[in-house]
Each structure stands twice: as structure tokens, then as C-alpha cells.
Amino acid sequence: MTVAETSVTRKVVERASSGARTKDLLFRSALLLCLFVAVSFLGVLLIDVAIDGVPLVTPEFITNFPSRLDPERSGVRPALIGTLYLMALCAAFIVPIGVAAAVYLEEFADPSRWWNRVIEVNIQNLAAVPSVVYGILGLAFIVRGPIDIWGLGQGSPTLLAGALTLGLLVLPVVIIVSREAIRAVPPSIREGALALGATKWQTIWKMVLPGSIAGIATGVILALSRAIGETAPLILVGAIAFRLSDPTIDGQFSALPIAIFGAAVEPRDEFRILAAGAIVVLLAVLLLMNSLAIYLRNRYEQKW
Amino acid sequence: MRGGTETAARPGAGSTSLTRTRTRRSVGEQAIKVLLAGAAVLSVLTTTGIVITLISESSKFFGEVGFADFLFGTSWSPLTGGESQSFGVAPLIWSTLYLTFIALLVAVPLGLGVGVYLAEYASPRVRRIFKPIVELLAGIPTIVFGYFALTFFTPLLKDVGIDLQVFNGLAGGIILGVLVLPTIASVSEDAMSAVPQSLREGAFGLGAAKWQVVVHVVFPAALSGVVAALVLGASRAIGETVVILVASGNNPNLTFDLTVAHQNMAAFIANTARADVSAGGVAYATIFAVGATLFVMTFALNLVAIRFVRRYRQVYE
């Protein structure tokens, strides 16, 4: 009743100044136009890529090695395998470290201490550092530098170095999203466990983490989909566009964004269009991952 | 004596074992806390790693090239040998800022428009449909935007009658704008959604029209969040690599002319690394000098943005 009354009053007031009403309509239309332009950009982009790329994606395109001689027989096999390896290694790196950091910041850290505030601002800032800067870090510190881990790099680019670089790049995303998921677990759950005699860690391990698993998994998948779409850091750590054998963890590698980049800068049209095929494969991988994220969120999300 | 042994055997033993467990437990708990803190500290080490890398490698560069020559020189051709080699970073910084400006010209009105619409006008159902679509735009890899700019947008602009080179600043800048649009839209939408309903109701009560409420009440109330959105968008545009690398070519240009090639700092870094210049040479060192410049610029912008975000959170949460 009261709602109806206010809306009636509002209507009366609005009618009182019809100039304001016209302006309102104009303003609203301008905003709608913005949304329309943004959405149609997305639409045109997807349609353009689909028209160019979908006819190229045949089983042979997936299983063939790239070719500089015959565009008909060129494929993305090493790039696709490289991307899947990168994703797996990256996940192995970011899941334990990202979740541990999130648990520390949410459950243990005292925000009034300066060092905890430094960590927090630092993570927010790292999330907005340009990806090419992570590439520089990967090149100088991991590929050619002091933490050439287990001597695998030996000064030359390896898949492991690429995965670590991408891992550092998306770690802030994992931490930020996991923190939100952990924060969403109500304090009463923790208090209940502590009151039953559980230690702090038992509470976290048995109650808090299972309760936030859906949010954490979603965050990890989002982070991984960002990681496998990155081009610049991989250029820096030396991924190659035309690789003629399957990648190994301690050897040179290719990845889908690099294959797209390599094809897109080709001067010959019949090779440049191969980029669209590789884009379709990459977008298909991303779509699968995002569907998985949505499924996990719906399946395991806790309502408190 | 005997009573003493008995107590030691029964409740006493119980209590010692209890204390012992508690100690063992608390040691374990402490160890876990240290481990977790270590993971959090890794993020600080990442920043330290970036800073150390940039400082140590670019100090080698500045050992050979004067700091003033780098910052104020207007000719940039570090990869050519001999006499014509020069290290003035000004054209590179110009192209970076100019392309960012073009991008913001596209992204600020569109992004804010989308943000305002979703926060203030859209019905819950419309928001449920369009918010994920805008986020989808943010999730598309940037290389896809680069391909789109080069193979679709540049030819389209040419068809419209603009005389463009194959690699040009116009297509790169506009598509860069589309790329940062979702950032601006979603951060500003969050800021405006955080404005308390009572402010809107107050304004309606005073007889304001919807657009007046949005423009004169909600927007100013969310201003710090909106500023944060713009700064984050600018920071993203400054640091973007592949769109510019693919669509705008390999020469920085100290000109207002958008029909010619423009190269930003990030694209220069990637292009130089791709050429696989030998480690240790001056050309290799330029990667780090330019990287340091880029890092300082985006770092400053990010700190500003973080400060603004915190301000609107403090006010309304």
C-alpha cells in the first residue's frame, strides 16, 4: 500500500514538470545506447571470429602440427597441449599457495599490524600490475636468473618457467576471490566448532574450507582462464608460435595465445586466418572451464 | 606419599597428558600459522622480485645511456646499430599516453553509461542477463581483441573512408577502449550500488526526477568509486600489450596523427623480447628500462585507485 502510494506521489511530481520527464527519457535512452554499443561490440567480435574460424576447426586442425607451407594442413596440436600443460602446472602452483595466503589473511592476520596491511595493499596492487611486467620478471628471474628452479631453465625458455610466471600473475586473483569465499562462512560456524573443543586449524580444515570450497573453486577456475588467455608474459618467457613437436615440461613450448599471435602477424592472408581457428579452440576451452565453474558453484554452494 | 603416587597415577597422569597434547597441538597450530603466513609473504616477494629485477637491470642500461637522454630524448631507435641508435623514450611514452587517451575517450562514456544503467535503471532481471555479458567481455583474451582490431576493425574504418595504414593507432586505441570498458563499468556499478537507498529516497521526496537523482545525488555520492574505476581503467590501458602489438605496429610516433603506427611501452617490451636480443646487450637492457618506467606509472595509478576504493568503502559500509 505504502509502496503504491510513493510511486503515485512520484508520478504526480514527475508529471508536474514535463521537461524533466523528457530529459529523463533522453538520459535513459543514452544509457541504453551505451549498453547496446558495448553488447554489440561483443556480438560482432564473436560473430566475426566464428565466421572466420569455425569452418577451420576440423579434427585434423586439432591434431596436426603447424605448417608454414600448407595452410590446409596446419594445426594447433602443440599449442593446445602446451596450454593444457600450462593450466595443470599453474593450478598445482596457485591452489595451495593462494588458498593458504587467503586463509592466513582471513583467519590469522591481525589487520591492525602494519605488516599485514602491507601484504594486503601489496596483493591489491599486484592484481593491477601489467602482465608484461610479470613477463619481465619471468624472463629475468626464472628463465635467465637466480631462481632458475631446479636448473630446468638453463637459460632457455621452458614450459615450467611459463607456468610459474602465469601462476605469479594470477595468484592475486585466487587470493582475493578465496578470501571472499572464506569471509562468507558465518562466524557462528567457527564458534560452534571452537566451542566443541576443536583447535583453530581443525575448525578451518573441517568447517571453514569445506564451507567455502565452491567459491574457492570458482576463483581458481577464473584465475586459470585468465592465465591461459595471456599472451604477453609468454612472449617474454620465450614461448614459440610454430613448434613442430609436442611440448615437454622442461623444454620449449607453444601455447594457444602464442599460436594466435604468430598467425595474426603473418603477412599472408591464408595463414593469418588460421588465427581465427586457434581463437575458436581457445574460446572453446575457456567456455568449458567457465561452464565447469558455474556447475561447481551451483552444485556445492552452501546457503547458510 | 602413597596418596601422592595415587594422584600421579590417576587424575595427575590425565592432566599431564592433557597439557602435553595441548602443547603439541599449539606447536602444530603455530607451525601451520607460519606456513600460511609464508604463502601470504610470497606475494610481497613477487613485488620485491619485480622491483629488484627492474632496478638491477635498468641500472646497467643507465650505465650506458644518460638518464636525461632517456627521459627527454625525442628519438627512439634502440635496436638499430651505429650512429642512428638513440634512446629517447619520449615517443614511446607519448604513444602510450595518447593511445590510453583514445581508449578512455571510448571507454569512459560507454563504461559509465553501462555502469549507471545497470546500477540505477535496470530491473533485476535485465541486470541478471547483462551483467554476465559485460563480464564475458572482460573474460575474452586480449589477443582476440588484437586479431579483431587488425582483421575486422581497421578494414571497417577504411571502408568508412578513413585513410589508415595497415597498422595504425586509431583501431588499436578504440579497441583498447572496448577492452577497458568492462573494468570501468563494473567498478563504477559497484560504487553506485553501494550508495544507500535513503539518499535516493530523500531526493525523490524533494521532487527530483530520476535523472536528477542519478546525476546530482548518486553520482556525486559514488564519486570516489567512480574515480577509482577510471584510474583502474587507465592503468589497464597503459599496460596493455597485445592489442597494440598486433593492431598498431612497431614504431612509436611523436605525432597526433592516428592513421599511422603507434607503439606503446608494453608492446615495445614484447616486440624486443620476441626479436630474442642477446642477453646482456644494450637492446636487452632497454626492456628493463622501459619496463621500470611502465611499472612506476601503473604502480602510482594503482595506489591512487586503491585509496579511492577504500574511501567509498569506509563511507558506506
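The values are calculated or read from the model by the stated rules, or taken from the named source; none is laboratory data. Since this is a predicted model, take the numbers as computed values, not measurements. Counting neighbours? That spans all protein chains shown, and the Cβs are built from the backbone with ideal geometry, glycine included.
Odds and ends about this structure:
- Some residue of the range A:264-276 being of a type outside the set (A, V, I, L, M) and within 27 Å of residue A:221 (Cβ to Cβ): no
- In the set B:138, B:90, B:122, only one residue is farther than 30 Å from residue A:275 by Cα, out of contact with any Asp or Glu (no Cβ under 9 Å at 6 or more places or on another chain) and modelled with pLDDT under 90; that residue is B:90.
- Among the residues of the range A:49-60, those identified as within 12 Å of another protein chain (Cβ to nearest Cβ) and crowded, with 18+ Cβ neighbours inside 10 Å are A:49, A:52, A:53.
- Restricting the range B:246-304 to residues that are at the interface with chain A (Cβ under 8 Å from one of its Cβ atoms) and aromatic (Phe, Trp, Tyr), the residue that is surrounded by the fewest Cβ atoms within 10 Å (Cβ to Cβ) is B:299.
- Residue B:30 vs. criteria out of contact with any His (no Cβ under 9 Å at 6 or more places or on another chain) and at pLDDT below 85: no
- Those residues of the range B:155-175 which are closer than 19 Å to residue A:49 by Cα and in contact with a Phe, Trp or Tyr (Cβ under 8 Å, 6 or more places away or on another chain), in sequence order: B:171, B:174, B:175
- Of B:171, B:194, B:209, B:203, all but one fail to be among the hydrophobic types (A, V, I, L, M, F, W, C) and either outside the structural domain of residue B:133 (by TED's automatic domain parsing) or surrounded by fewer than 18 Cβ atoms within 10 Å (Cβ to Cβ) (or both); the exception is B:194.
- Those helices (runs of 4 or more DSSP H) of the range A:156-219 in which 3 or more residues are surrounded by 18 or more Cβ atoms within 10 Å (Cβ to Cβ) and in contact (Cβ under 8 Å) with a residue 40 or more places away in the chain occupy A:159-183.
- Taken over the range A:66-104, the criterion of being within 30 Å of residue A:273 (Cβ to Cβ) and within 14 Å of chain B (Cβ to nearest Cβ) is satisfied by A:76, A:79, A:83, A:86, A:87.
- Residue within the range B:210-233 that is part of a loop (DSSP other than H, G, I, E, B), over 20 Å from residue B:139 (Cα atoms) and at pLDDT 90 or above present: yes
- One residue stands out in the range B:139-164 among those that are at the interface with chain A (Cβ under 10 Å from one of its Cβ atoms) and hydroxyl-bearing (Ser, Thr, Tyr): the one that is farthest from residue A:223 (Cα to Cα), namely B:151.
Residue-wise test of (1) over 15 Å from the mean Cα position of the chain (by Cα); (2) over 30 Å from residue A:213 (Cα atoms); (3) more than 12 Å from chain B (Cβ to nearest Cβ); (4) surrounded by 15 or more Cβ atoms within 10 Å (Cβ to Cβ).
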{"residue": "A:238", "(1), (2), (3), (4)": "yes, yes, no, yes"}
{"residue": "A:245", "(1), (2), (3), (4)": "yes, yes, yes, no"}
{"residue": "A:254", "(1), (2), (3), (4)": "yes, yes, yes, yes"}
{"residue": "A:260", "(1), (2), (3), (4)": "yes, yes, no, yes"}
{"residue": "A:268", "(1), (2), (3), (4)": "yes, yes, yes, no"}
{"residue": "A:273", "(1), (2), (3), (4)": "yes, yes, no, yes"}
{"residue": "A:288", "(1), (2), (3), (4)": "no, no, yes, no"}
{"residue": "A:291", "(1), (2), (3), (4)": "no, no, yes, no"}
{"residue": "A:296", "(1), (2), (3), (4)": "yes, no, yes, yes"}
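- Out of A:49, A:39, one residue alone is in contact (Cβ under 8 Å) with a residue 12 or more places away in the chain, over 30 Å from residue A:209 (Cα atoms) and outside the structural domain of residue A:271 (by TED's automatic domain parsing). It is A:49.
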